[in-house]
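J.: So that we are looking at the same thing, I have put the structure below in structure tokens.
The values are calculated or read from the model by the stated rules, or taken from the named source; none is laboratory data. Everything numeric here is computed off the predicted structure, so don't read it as measured data. Note that we place each Cβ from the backbone using ideal geometry, even for glycine, and neighbour counts take in every protein chain shown. The protein model used for the area step is the full one, side chains on, heavy atoms only, and it has no ligands, DNA or RNA in it. Shrake-Rupley method; radii C 1.70, N 1.55, O 1.52, S 1.80 Å.
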Amino acid sequence: MAKILVTGGAGYIGSHTCVELLNAGHEVIVFDNLSNSSEEALRRVQKLTNKSLVFVQGDIRNQSELDLVFQDHKIDAVIHFAGLKAVGESQQIPLTYFDHNITGSIQLIKAMEKASVFTLVFSSSATVYGEHSSSPYKEDFPLSMPNNNYGYTKLVIEQMLEKAAQADVRWSIALLRYFNPVGAHKSGEIGEDPQGTPNNLMPYVTQVAVGRREKLSIFGHDYPTKDGTCERDFIHVVDLAKAHVFAVINRLKQTGCRAWNIGTGMPISVLQIKETFEKVNGVEIPTIFVERRAGDLAAFYADATRAEQELGWKPQYSLEDMLADSWNWQKQNPNGYN
Ligand code: NAD
Ligand code: UFG
């Protein structure tokens with residue numbers, strides 16, 4: 001069993017990953033500045049698992065705060081979630097995104113080197129493939145410049161980590177390229193709690209369902225897809241969380257830098273999300289079709305076979321589970337953690 005530092009562990013994916021790590025018997029230290037999360041999520045993680053974790057409030061851009069964590073705890077591996085993730089906001093305040101995501105990651109890598117901790121799992125995104133290939137995306141496809149500053153930070157960090165691993169063979173790094181995480185823990189105790197107007201489809205749908213928003217706007221219905229709306233690869237957040245546990249185990253045994261797609265490999269359309277949500281949960285989602293959203297690709301889904309072959313990880317949850325669990329969380333927590 002390992003002692004794992006989880007940066008951004010109070011957030012959506014981080015909190016679900018803490019549950020899976022604790023359930024698998026690992027020790028967890030969360031490092032988070034709570035800029036987009038609540039300590040309540042961590043209280044619930046401990047309640048759900050009946051295990052305790054250590055929480056340190058701090059910022060990954062602060063080298064001395066990080067150094068202290070590595071001095072106080074004998075860390076075996078790091079899972080790095082901390083960062084900013086809103087695509088639209090990244091276009092308004094690029095330097096803030098570069099600072100949190102890129103500078104923050106450099107500070108973390110430096111603190112790890114100082115403490116001789118060389119095992120890292122990084123939250124990357126399928127956005128690093130850019131727009132020049134087509135689905136299903138494989139890990140060895142060429143990467144290209146994403147069309148937004150958030151995606152750019154993920155590409156830069158991936159490349160930095162590759163180069164660090166080339167220069168020093170002690171590094172063992174997993175780049176997990178997530179497709180579209182949705183869903184929540186079965187208990188409904190933890191889930192996605194975006195601040196302000198949601199950028200992503202799923203929280204928008206659940207907020208319409210719970211009455212916080214009037215209707216869903218579907219961006220574009222003239223795409224070259226089966227029903228004219230965009231297709232994405234939705235992955236249950238608990239499956240995604242489990243992929244991190246598999247990745248840590250793999251990286252503690254091997255060195256080098258390796259990328260894995262984390263998705264189901266199944267294209268699901270936006271309209272299919274709305275209709276299946278209504279069917280599974282018995283709730284109507286008033287919807288209008290509007291113009292396409294700038295920057296959206298028609299279809300974006302993974303070839304997820306490498307993760308199965310090399311990590312032994314395979315998604316377990318169906319689309320129906322994803323939609324039922326998202327709704328269960330939102331229904332029980334109409335205002336998120338507030
Ligand atoms: P989230 O915002 O819920 O979690 C991120 C956490 O990091 C939050 O708890 C926030 O408080 C913390 N944080 C932000 N800046 C920090 C800093 N400077 N120092 C310390 N803590 C800081 O987001 P999430 O959806 O859980 O995403 C986790 C990671 O996965 C992010 O790196 C994100 O870019 C990546 N990712 C997310 C998605 C998605 O759709 N949710 C898709 C691909 C990749
Ligand atoms: N959509 C709507 N209405 C909404 C919100 C979204 O129709 O209110 C549609 C979008 O147009 C898109 C699909 O739902 O076709 C999914 O959109 P999301 O914003 O939920 O997700 P994206 O696929 O655009 O974004 C995801 C991740 C980002 C990542 C990006 C890379 O959330 O982190 O993929 O393409 F950068």
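J.: Taking only the alpha-carbon positions of segment 221-293 and ignoring solvent, what does the Debye formula give for the base-10 log of I(q)/I(0) at q = 0.21, 0.23, 0.28 Å⁻¹?
T.: Calculated log10 I(q)/I(0) at the listed q: -0.98, -1.08, -1.28.
J.: Counting every Cα pair in the chain, what percent are over 28 Å apart? Could you put the intermediate results ahead of the total?
T.: Values: 21742 of 56953 pairs.
In whole percent, the long-distance tail amounts to 38.
J.: Between Tyr129, Tyr152, Tyr223, which gets the highest mean-square fluctuation from a Gaussian network model of the chain, Cα cutoff 10 Å?
T.: Per the Cα network of the chain with a 10 Å cutoff, Tyr223 tops the list.
J.: Can you give the three extents of the C-alpha atoms in segment 118-226 along their principal axes, from longest to shortest, in whole Å?
T.: The Cα atoms of segment 118-226 stretch 53, 38, 24 Å along their principal axes.
J.: Let me ask something additional. In nm, what is the difference between 0.36 nm times the number of residues separating Leu68 and Thr103 and their Cα-Cα distance?
T.: Residue separation times 0.36 nm, minus the Cα-Cα distance, leaves 10.8 nm.
J.: Which value, in debye to the nearest 20, gives the size of the charge dipole of segment 220-338 about its Cα centre, when Lys and Arg are +1 and Asp and Glu are -1 at the Cβ?
T.: Details: 13 positive and 16 negative charges, 113 e Å.
In debye, rounded to 20, segment 220-338 gives about 540.
J.: Tell me the angle of helix 63-72 to the major Cα principal axis of the chain, expressed in degrees between 0 and 90 and rounded to the nearest ten.
T.: 70
J.: Related question: At each listed q (0.10, 0.21 Å⁻¹), what is the log10 of I(q)/I(0) that the Debye formula gives for segment 231-338 modelled as equal alpha-carbon point scatterers?
T.: For segment 231-338 at q = 0.10, 0.21 Å⁻¹, log10 I(q)/I(0) is -0.39, -1.17.
J.: Same structure again: With every protein chain kept in the model, how would you rank Met160, Met145 by accessible area, 1.4 Å probe, largest at the top? Could you put the intermediate results ahead of the total?
T.: Details: Met160 50, Met145 115 Å².
Final ranking, largest accessible area leading: Met145, Met160.
J.: Among His185, Ser90, Ser52, pick out the residue whose Cα is farthest towards the positive end of the charge dipole of the chain, where Lys and Arg carry +1 and Asp and Glu carry -1 on C-beta, about the Cα centre.
T.: Ser52
J.: Once you have the alpha carbon radius of gyration of segment 185-258, what is it after dividing by 2.2 N^0.38 Å, with N set to its residue count?
T.: 1.55
J.: Follow-up. Which value, in Å² and to the nearest 10, is the accessible area of Glu162 when all protein chains are kept and the probe is 1.4 Å?
T.: 70
J.: Taking N as the number of residues in segment 1-41, what is its alpha-carbon radius of gyration divided by 2.2 N^0.38 Å?
T.: Dividing the Cα radius of gyration by 2.2 N^0.38 Å gives 1.08.
J.: Between Gln46 and Glu113, what is the label-point separation in nm under the 7 Å Cα-to-beta-carbon projection?
T.: Going by the 7 Å Cα→Cβ label model, 3.5 nm.
J.: State the three equivalent ellipsoid semi-axes of segment 28-89, derived from the C-alpha gyration tensor as the square roots of 5 times its eigenvalues, in descending order and whole Å.
T.: 20, 19, 10
J.: Still on this structure: In whole Hz, what ³J(HN,Hα) sequence does segment 215-228 give by Karplus (6.51, -1.76, 1.60; θ = phi - 60°), x for Gly and Pro?
T.: My calculation for segment 215-228 gives 8, 8, 9, 8, 7, x, 9, 10, 7, x, 10, 4, 10, x Hz in order.
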